[in-house]
Amino acid sequence: MPGKKKSRPVVSGLVVLVFVAASGYLTLELRKQEQQGVTEVRNVGVLDGSGTKADTAGAVRPEARWSRLENPARSVLRDADGQVQAILTDGARTATLKGPARTFAEPASTASKVSTTDWIRLMPKAWSKGAEKSTWFEDWYAEHATSKEDDLFAIAFQYVAGAAPRKDAQGLAFAGDANFGPLNTSGAEGGDLRLEQSDFYDYLGVPYPFRDGEVGTPETIRARSLDCSGYLRMVLGYRARYPLMSSDTSGDGLPRTANGMARSGEGADVLPLTGVAAKDRPTTIDQLQPGDLVFFKLDARTGQRLDHVGMVLGHDTEGHLIFVSSREEINGPTIGDVGGVSRLDGNGYYAKTLRSAKRL
């Protein structure tokens, strides 16, 4: 979605130190919360999320086998029986690990249910060919391969309709049912139902110091709100700690808007962007896998800008490829069908407006 006020300059070194200290404290508290594992929230069924902590049982076993695949270039780890245990894509930090089956559903908005054994986690470094021999990967895999701590999917569903509030030790709500944005009261004909430009710090209601020296200042009317890109910045950035830019142009990491994300050099391009016209719709989506970011061209008013982003969740029980995103029609994060079914296959609204995809 289009960017906004974004961040503001730091007024003094003392202010930065205060913000950074607060942010660091919140991060530690979030880690404590996330160690509790996957929990069930209303409208979302999560199976086999026992919440047990990982141990060294996740180490790569000697009988395991590595192979290489292309389009995109990636390494695949299989066990002695040939079953896939991990998929790691060159240039990307997100890893697909296999684990207990979970079912994600949103019965108030859709009949779709996605049952998956995929757990999407963020590695400390981008993957490259041969990285399986590195110490950093061995240590990371041993810690996370059998972990039931919240992954990106579990975090993403902590913001859908009915999700229970989660607070840190200081009482700050960092998760729970999110809105898309405040109602648009301008009354302009053809205008949006709800205002865009609500970032993760608007949801939190606290200033956020970015690494480039800018500070994101929340707006009261946007409290508990996340637009489409703000939602993914919350999940991937604030919660999973992927670096965040203060805008589309300042700093390094994940840009602020859907268009900025799609056109950035972050991660690996799975469906390269060739244009925003209807003729530029990808001819195949076979390369997509759970955890990928998908980008859409929905609104003619945004010109050559891509204006919506979501995250691939997986195939539902009917075989359709489903994604989750924050949308104004349903007022928040959803896999629902209000305003268009959440399918990437076929010829529905979102399938026809898909333009590119990226694996962070």
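The values are calculated or read from the model by the stated rules, or taken from the named source; none is laboratory data. No experiment lies behind these values; they were computed from the predicted model shown. A quick note on method: Cβ atoms are made from the backbone with ideal geometry, for glycine too, and the neighbour counts reach across all protein chains shown.
Taking the criterion of being free of Cβ contacts under 8 Å to residues at least 60 places away in the same chain, among the small types (G, A, S) and closer than 22 Å to V160 by Cα, would at least one residue in segment 238-259 satisfy it?
Scanning segment 238-259 turns up no residue that is free of Cβ contacts under 8 Å to residues at least 60 places away in the same chain, among the small types (G, A, S) and closer than 22 Å to V160 by Cα.
Can you tell me which residue in segment 133-148 is surrounded by the most Cβ atoms within 10 Å (Cβ to Cβ), limited to those that are of a type in the set (S, T, Y) and part of a helix (DSSP H, G or I)?
Keep residues of segment 133-148 that are of a type in the set (S, T, Y), which gives 134-135, 141, 146-147.
Filter again for part of a helix (DSSP H, G or I), leaving 135, 141.
Values: T135: 7, Y141: 22.
So the residue we want is Y141.
For segment 62-79, give me each residue that is more than 22 Å from E143 (Cβ to Cβ) and of a type outside the set (D, E).
We begin by selecting, within segment 62-79, every residue more than 22 Å from E143 (Cβ to Cβ); these are 67-73.
Matches in segment 62-79: S67, R68, L69, N71, P72, A73.
Anything in segment 64-100 that is among the polar types (S, T, N, Q), under 21 Å from the mean Cα position of the chain (by Cα) and within 10 Å of W127 (Cβ to Cβ)? List them, or say none. First the steps, then the outcome.
Filtering segment 64-100 for residues among the polar types (S, T, N, Q) gives 67, 71, 75, 83, 85, 89, 94, 96.
Still in the running and under 21 Å from the mean Cα position of the chain (by Cα): 89, 94, 96.
Across segment 64-100, the qualifying residues are T89, T94.
For the condition touching a Gly at 6+ places or on another chain (Cβ under 7 Å) and under 22 Å from I330 (Cβ atoms), what is the one hit in T146, T110, T94?
Numbers: T146 fails: under 22 Å from I330 (Cβ atoms); T94 fails: under 22 Å from I330 (Cβ atoms).
Every option except T110 fails the conditions.
Does A188 fit the bill of being under 26 Å from G336 (Cα atoms) and modelled with pLDDT under 95?
The answer is no for A188.
For (1) acidic (D, E); (2) touching a helix residue (DSSP H, G or I) at 6+ places or on another chain (Cβ under 6 Å); (3) within 19 Å of A278 (Cβ to Cβ); (4) buried (at least 17 other Cβ atoms within 10 Å of the Cβ), each residue gets a yes or a no:
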{"residue": "L321", "(1), (2), (3), (4)": "no, no, no, yes"}
{"residue": "E328", "(1), (2), (3), (4)": "yes, no, no, yes"}
{"residue": "G332", "(1), (2), (3), (4)": "no, no, no, yes"}
{"residue": "V338", "(1), (2), (3), (4)": "no, no, no, no"}
{"residue": "V341", "(1), (2), (3), (4)": "no, no, yes, yes"}
{"residue": "K352", "(1), (2), (3), (4)": "no, no, yes, no"}
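With segment 84-132 as the region, which strands (runs of 3 or more DSSP E) entirely inside it contain at least 1 residues that are of a type in the set (K, R)?
On the way: elements: 84-89, 94-105, 113-122.
Qualifying strands (runs of 3 or more DSSP E): 94-105, 113-122.
Condition test on V309, is it out of contact with any Ser or Thr (no Cβ under 9 Å at 6 or more places or on another chain) and hydrophobic (A, V, I, L, M, F, W, C)?
Working: out of contact with any Ser or Thr (no Cβ under 9 Å at 6 or more places or on another chain): no; hydrophobic (A, V, I, L, M, F, W, C): yes.
So V309 does not fit the description; no.
Go through the residues of segment 70-81 one by one and say whether even a single one is out of contact with any strand residue (DSSP E or B) (no Cβ under 7 Å at 6 or more places or on another chain) and either closer than 20 Å to I155 by Cβ or without any contact (Cβ under 8 Å) to a residue 12 or more places away in the chain (or both).
yes
Looking at segment 314-331, which of its residues are touching a residue at least 60 places away in the same chain (Cβ under 8 Å) and small (G, A, S)? Break it down into steps so the answer makes sense when it comes.
The initial filter retains those residues of segment 314-331 that are touching a residue at least 60 places away in the same chain (Cβ under 8 Å), namely 314-318, 320, 322, 324-331.
G314, S325, S326, listed by residue number.
Which number in (1) at positive phi; (2) at pLDDT below 95 marks the one condition that T302 misses?
(1)
Would you confirm, using the coordinates I've provided, whether V294 is β-branched (V, I, T), under 23 Å from F153 (Cα atoms), in contact with a Pro (Cβ under 7 Å, 6 or more places away or on another chain) and at pLDDT 95 or above? Walk me through how you get there before you give the answer.
Working: β-branched (V, I, T): yes; under 23 Å from F153 (Cα atoms): yes; in contact with a Pro (Cβ under 7 Å, 6 or more places away or on another chain): no; at pLDDT 95 or above: yes.
When the stated conditions are applied, V294 does not pass them.
Anything in segment 277-299 that is surrounded by 23 or more Cβ atoms within 10 Å (Cβ to Cβ) and either of a type in the set (A, V, I, L, M, F, W, C) or on the phi > 0 side of the Ramachandran plot (or both)? List them, or say none.
G291, L293, V294, F295, F296
Among the helices (runs of 4 or more DSSP H) confined wholly to segment 195-312, which include 1 or more residues that are in contact with a His (Cβ under 9 Å, 6 or more places away or on another chain) and closer than 16 Å to S356 by Cβ? Steps first, please.
Numbers: elements: 200-204, 228-232, 258-263.
Ranges flagged: 228-232, 258-263.
If you go through segment 47-71 one residue at a time, how many are modelled with pLDDT of 95 or more and either small (G, A, S) or crowded, with 19+ Cβ neighbours inside 10 Å (or both)?
1
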